[in-house]
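In what follows, a structure is listed as structure tokens, so that the remarks can point back to it.
The values are calculated or read from the model by the stated rules, or taken from the named source; none is laboratory data. Worth saying up front: this structure is predicted, and the values here are computed from it rather than measured. Note: ideal-geometry Cβ built from the backbone for every residue, glycine included; neighbour counts use all protein chains shown. These area figures cover heavy atoms from the full protein model, side chains too; ligands, DNA and RNA do not enter into them. Shrake-Rupley method; radii C 1.70, N 1.55, O 1.52, S 1.80 Å.
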Amino acid sequence: MKRNWEGVVLKVMGAKDFTLEVTGSEEITPDFLRVHVRDGGLLERSGIHPTMWIRLWFNDSGKAHQRAYTLVNASPADGTFSMDFAMHHGVAADWARSVQPGDTIDATVQGSSFTFPQPAPRRTWIVGDPASIPAINSLLDERGRVAAGAAPVTAWLEYQHDADPSLEVRTSDSDVVTWIPRKRDGAALVEEVCAALTADTVSVGDDFFWIACEASSTRAIVKHLRKDLGVNKHRIDALGYWRV
Ligand SMILES: Cc1cc2nc3c(=O)[nH]c(=O)nc-3n(C[C@H](O)[C@H](O)[C@H](O)COP(=O)(O)OP(=O)(O)OC[C@H]3O[C@@H](n4cnc5c(N)ncnc54)[C@H](O)[C@@H]3O)c2cc1C
């Protein structure tokens, strides 16, 4: 399978390539599948960090189709990790639905980085959905390690499937999570989040914002933070995780 210009650019940027071997898969909910892989040396060479994601190269009728997925339960000692797939109709999701032990898939490591802010933020505001729950959980785990008992989280998670709100979110007692059904192409989420993030509730200099939902919703929320509230871009970590 020939990679397009993206593959060339990534190579120039020093990307590292690996081949992952599937060892099994499990259904977390009917709309959220976990695929287990042997890492082909990826963890040893690349290390791991919270919210770490990799680029997987799917075969779309002979054409390379690159999509990002987040590492779950990475074990450098065993050379294994898993990836959670939020289900929809797409090449990557379809691959996860039909994958068999022994199948392989190419992966590239390039572009992922994250460090939990220090000193710990006064509050951490998170906006996501099932696609970003693996990253959110690793961020929450990291918060527990580097800022135990601090940086309480307020999170909004958009969902499209009835079982989504049953997905594990590793919050602590001081955190608040609100699940919002996806309505009006994401406008319901954006309106609720922007109405809650105001000059009265947010500390522009001391809070941290982690936003990873649909691309246009992500953009709208970041615009509100930057333009309406004047939040410095260094206090925002935002990336559209998928697009309509
Ligand atoms: C840094 C990063 C990390 C990510 N980590 C994960 C992860 O761990 N788990 C995960 O599930 N996703 C993750 N994603 C999102 C994933 O890469 C996208 O959902 C991707 O578009 C799926 O590719 P696809 O080939 O299945 O569908 P595409 O060909 O991209 O899209 C096909 C159709 O499905 C729709 N669609 C795509 N993704 C979604 C979605 N998540 N929800 C609803 N509809 C969708 C599209 O709008 C389109 O109509 C991550 C994205 C980024 C940027």
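Of note:
- On a per residue basis, the range 116-159 carries 30 Å² of accessible surface, using protein heavy atoms and a 1.4 Å probe.
- The slack between residue 177 and residue 219, meaning 0.36 nm per residue of separation minus the straight C-alpha distance, is 13.0 nm.
- Surface per residue (accessible, 1.4 Å probe) for the range 5-109, Å²: 49
- Secondary-structure-derived ellipticity at 222 nm for the chain, considering helices only, amounts to -6000 deg cm²/dmol, per-run term -39500 (n - 2.57) for DSSP H runs with n ≥ 4.
- Of the peptides 134-143, 57-66, the ranking by mean beta-carbon count within 10 Å, highest at the top, reads 134-143, 57-66.
- Anisotropy class of the chain from Cα gyration tensor, a/c 1.5 cut: prolate
- The accessible surface of the range 124-238, taken with every protein chain in place and a 1.4 Å probe, is 47 percent carbon and sulfur.
- Of all accessible heavy-atom area on the range 5-109, the percent that carbon and sulfur account for (1.4 Å): 48
- Under the shape rule built on the C-alpha gyration tensor, where the axes satisfy a ≥ b ≥ c, the range 124-238 is oblate, since a/c reaches at least 1.5 while a/b does not exceed b/c.
- Taken over the range 5-109, the alpha-carbon convex hull comes to 100 cubic angstrom per residue.
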